[in-house]
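Comments concern the structure below.
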Amino acid sequence: MSIRKRWIAIIIALLLVGAISLFVASEQANAPASDGGNTEQLEADETQTTETGLDKTKYSIDEPGSLWWIVSRERPLPDGYEPSNLEVPDTQLRLAATAEQMQLRGTVATATEAMFAAAQSDGIELVFGSGYRSESLQAQFYNSYVARDGQEAADRYSAHPGTSEHQTGLAFDVTSLSGACHLEICFEDLPEGQWVQDNAHDYGFIIRYLDGKENITGYQYEPWHLRYVGEELANELHENGQTMEEFFGLTGTAD
Ligand SMILES: [Zn+2]
């Protein structure tokens, strides 16, 4: 092969390599537009983020112990679940500090202390009524309610053992110093009840069982039952008046 032919062969080879590179590059440039996977991912992300920028997938609603864990009759706790890191909040307590019910998960106890202190500075004395309940304590309560009111009535306000939000250590019942309207709907009309409705979300708490949402949550209105979900979600739910079930698309899960 002459030097000239060899050069021609080299140039043709280089041109071919160049052409193939250009072709591959243009295919790659086209890929995102034709690849449905990327587009779907973007759309999924958009629907998981609220108008205020809250990521609905930030915490699991299924994982035991998660901040947004949803527990209900249809979503029972694992058998014998016990939260870790239980503490007695440094607040006004309804019972002795040694009572099992006077405990909450550590982060929730801290938030409770902050909320009670804020209420106090507004002239409102909140009392910590009942927090963590083990499965066996809930069984004692439930059985006594059934004995008193019958099962149908008891099921409207008390959870079956193993399905109570109190067992998570993330929820508690708030009450007043006088004990008036303790665990009664009239609590909403007391200054304490009003304060909680207006301010609890600022400390990460929601009124878990809202008025008129019994068919969604499975429980009658409980203006005293507060559940810790963190400030972001509490603010969101307070703004739009939704239950956790509605916000996370679990409507229709109740009996
Ligand atoms: Zn409660």
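The values are calculated or read from the model by the stated rules, or taken from the named source; none is laboratory data. Computed from a predicted structure; not experimentally measured. Note that each Cβ is placed from the backbone with ideal geometry, even for glycine, and that neighbours are counted across all protein chains shown. Remember, those area values only see protein heavy atoms, side chains included, never the ligands or the DNA or RNA. Shrake-Rupley method; radii C 1.70, N 1.55, O 1.52, S 1.80 Å.
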| query | Yes or no: Y132 in contact with a strand residue (DSSP E or B) (Cβ under 7 Å, 6 or more places away or on another chain), open to solvent by 10 Å² or more (accessible area, probe 1.4 Å) and aromatic (F, W, Y)? | reply | yes
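In this structure, does G179 turn out to be more than 15 Å from the ligand (Cβ to nearest atom), modelled with pLDDT of 95 or more, open to solvent by 10 Å² or more (accessible area, probe 1.4 Å) and part of a loop (DSSP other than H, G, I, E, B)?
no
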| Would you call S134 more than 11 Å from the ligand (Cβ to nearest atom) and under 21 Å from S72 (Cα atoms)? | yes
| task | Answer yes or no as to whether A114 is in contact with a helix residue (DSSP H, G or I) (Cβ under 8 Å, 6 or more places away or on another chain), open to solvent by 10 Å² or more (accessible area, probe 1.4 Å) and either not β-branched (V, I, T) or not in a helix (DSSP H, G or I) (or both). | result | yes
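With within 14 Å of the ligand (Cβ to nearest atom) and open to solvent by 20 Å² or more (accessible area, probe 1.4 Å) as the only criterion, which of I216, I207 stands out?
Exactly one residue qualifies, and that residue is I207.
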| request: Pull up the stretch 219-230, narrow it to residues that are closer than 16 Å to T110 by Cβ and touching a Phe, Trp or Tyr at 6+ places or on another chain (Cβ under 7 Å), then point me to the one that is most open to solvent (accessible area, probe 1.4 Å). | output: Y228
| request: Could you list, in sequence order, all residues of the stretch 192-234 that are in contact with a strand residue (DSSP E or B) (Cβ under 6 Å, 6 or more places away or on another chain) and assigned to a strand (DSSP E or B)? | output: F205, I206, H225, L226, R227, Y228
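Would you check if E152 is out of contact with any Asp or Glu (no Cβ under 7 Å at 6 or more places or on another chain), part of a loop (DSSP other than H, G, I, E, B) and among the charged types (D, E, K, R)? Spell out the reasoning first.
On the way: out of contact with any Asp or Glu (no Cβ under 7 Å at 6 or more places or on another chain): yes; part of a loop (DSSP other than H, G, I, E, B): no; among the charged types (D, E, K, R): yes.
No: the conditions fail for E152.
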| query | Do you know which residues across the stretch 141-175 are away from the ligand (no atom under 15 Å from the Cβ) and open to solvent by less than 50 Å² (accessible area, probe 1.4 Å)? | reply | V146, G150, A153, G162
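Just wondering, is there one or more residues in the stretch 91-105 that are of a type in the set (D, E), open to solvent by 60 Å² or more (accessible area, probe 1.4 Å) and within 16 Å of E165 (Cβ to Cβ)?
Yes.
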| field | Failed item, numbered, when Q220 is tested on (1) farther than 26 Å from T52 by Cα; (2) without any contact (Cβ under 8 Å) to a residue 24 or more places away in the chain | value | (2)
| field | Test result for A111, touching a Phe, Trp or Tyr at 6+ places or on another chain (Cβ under 6 Å) and under 19 Å from L170 (Cβ atoms) | value | yes
| request: Out of A200, A234, report the one residue that is away from the ligand (no atom under 16 Å from the Cβ), in the same structural domain as G65 (by TED's automatic domain parsing), buried (at least 22 other Cβ atoms within 10 Å of the Cβ) and modelled with pLDDT of 95 or more. | output: A234
